[in-house]
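The values are calculated or read from the model by the stated rules, or taken from the named source; none is laboratory data. Everything quoted here is computed from the prediction, not taken from an experiment. Cβ coordinates were reconstructed from backbone atoms using ideal geometry, including for glycine residues, and neighbour counts include every protein chain displayed.
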């Protein structure tokens with residue numbers, strides 16, 4: 001299943017790349033057509049119009065019969081068409097060599113984030129005693145950013161840790177039976193990797209999730225149910241990787257020139273942006289949309305109430321420790337979004353004559369190590 005999922009995602013990305021390639025070729029053809037047929041037609045029409053106007057005003061030789069567009073299509077001007085094709089290639093290359101407004105905004109955001117991270121390093125060193133507790137929601141920086149990279153172990157099918165995670169997958173599939181038909185076709189990895197002190201992540205090479213070993217125990221596996229459900233949203237998405245389309249034009253340089261003169265570079269740019277939706281949005285809006293989709297996916301798997309409750313406990317713990325919530329979207333926004341989704345589901349249950357459980361609770365103690373926003377408000 002893991003290979004099939006990876007192959008499906010790879011095929012989808014290759015399909016999107018081919019679509020932009022086809023749009024690039026179509027843009028080249030249309031630019032050639034403008035130069036070979038439309039440009040000579042417009043030039044001849046203007047010349048004939050001026051001749052006709054001069055004949056009407058000043059007299060002289062009467063203009064001949066004006067040939068229509070079909071005549072120019074039947075006998076294209078190949079030389080002018082090749083010039084327009086070269087014009088298209090120059091615009092295409094300029095679009096690849098220069099940073100688009102989107103890329104500039106992303107670069108500036110990354111620089112600002114790096115500076116903010118650097119400014120917090122001193123504070124983080126003073127707070128290493130707080131590193132004893134970990135974040136199964138994946139909101140905190142990975143442990144590898146503060147310590148050496150942990151050595152990962154791979155779960156063996158049949159061992160207790162593997163059985164516990166498979167039990168989580170069974171709970172998700174059981175929750176999907178509430179829908180007819182199910183809103184998602186749940187795909188799960190065959191196994192996973194784990195280590196102590198790690199946060200939820202992915203081994204991108206093998207498409208395997210990375211799980212915190214502290215939660216892979218019978219008494220604590222319930223704490224992994226909601227975060228793992230949210231984590232699987234990426235594994236089940238069919239959205240292409242934006243990096244697949246990075247070798248295609250992202251914007252039209254000199255639009256005041258290229259648009260009016262029939263350079264069709266806008267076509268591959270438009271197709272790329274269409275395929276990247278919602279990644280066509282600003283970087284923060286992309287992240288917000290992805291988180292919202294993951295929260296919706298978590299609710300489909302029956303873990304919406306548990307995740308909402310875990311977020312609330314995490315928020316309370318942050319306030320107790322005097323830490324700022326620096327996650328994006330914020331915990332408040334995530335909780336609000338889950339409130340709406342969970343309320344809608346409870347209303348639907350009431351309409352079916354069922355009694356929903358309110359308020360939803362997660363049993364057990366909050367796990368050690370949870371901190372997403374790391375700047376501590378220190379008392380002076």
Fill in the blank from the handout: For segment 88-102, pairs from a residue that is under 14 Å from residue 247 (Cβ atoms) to a residue that is modelled with pLDDT under 90 and surrounded by fewer than 16 Cβ atoms within 10 Å (Cβ to Cβ), with Cβ under 8 Å and 6 or more apart or across chains, are 96/247
Completion exercise
Within segment 297-332, the count of residues that are without any contact (Cβ under 8 Å) to a residue 24 or more places away in the chain and within 20 Å of the chain's Cα centre (by Cα) comes to 1
Practice task
Name every residue in segment 296-305 that is crowded, with 21+ Cβ neighbours inside 10 Å and either touching a strand residue (DSSP E or B) at 6+ places or on another chain (Cβ under 9 Å) or part of a helix (DSSP H, G or I) (or both), in order of residue number.
Solution key: 297, 298, 299, 300, 304, 305
Handout entry: Residue list for segment 76-99, filter: in contact with a helix residue (DSSP H, G or I) (Cβ under 9 Å, 6 or more places away or on another chain) and over 17 Å from residue 262 (Cβ atoms)
Key = 99
Completion exercise
Of the conditions (1) under 24 Å from residue 293 (Cα atoms); (2) in a loop (DSSP other than H, G, I, E, B), the single one that residue 250 does not satisfy is (1)
Completion exercise
Matching residues in segment 224-247 (buried (at least 21 other Cβ atoms within 10 Å of the Cβ) and at pLDDT below 90) number 1
Problem - Entirely in segment 1-96, the helices (runs of 4 or more DSSP H) that have 1 or more residues that are at pLDDT 90 or above, out of contact with any strand residue (DSSP E or B) (no Cβ under 7 Å at 6 or more places or on another chain) and exposed (fewer than 13 other Cβ atoms within 10 Å of the Cβ) - result: 2-33
Completion exercise
Scanning segment 326-356 residue by residue, those part of a loop (DSSP other than H, G, I, E, B) and either more than 22 Å from residue 300 (Cβ to Cβ) or modelled with pLDDT under 65 (or both) turn out to be 326, 327, 328, 330
Handout entry: Considering residues of segment 263-278 that are at pLDDT below 90 and surrounded by fewer than 20 Cβ atoms within 10 Å (Cβ to Cβ) only, the residue farthest from residue 96 (Cα to Cα)
Key = 278
Problem - Residue satisfying all of: in segment 172-207; part of a strand (DSSP E or B), modelled with pLDDT of 90 or more and touching a helix residue (DSSP H, G or I) at 6+ places or on another chain (Cβ under 8 Å); nearest to residue 155 (Cα to Cα) among these - result: 194
Completion exercise
Reported set for segment 315-326 where residues are closer than 26 Å to residue 289 by Cβ and either exposed (fewer than 13 other Cβ atoms within 10 Å of the Cβ) or touching a helix residue (DSSP H, G or I) at 6+ places or on another chain (Cβ under 8 Å) (or both) is 315, 318, 324, 325
Exercise for the section: Say whether the condition of being out of contact with any strand residue (DSSP E or B) (no Cβ under 9 Å at 6 or more places or on another chain), at pLDDT 80 or above and in a helix (DSSP H, G or I) is met by at least one residue in segment 97-112. Expected result: yes
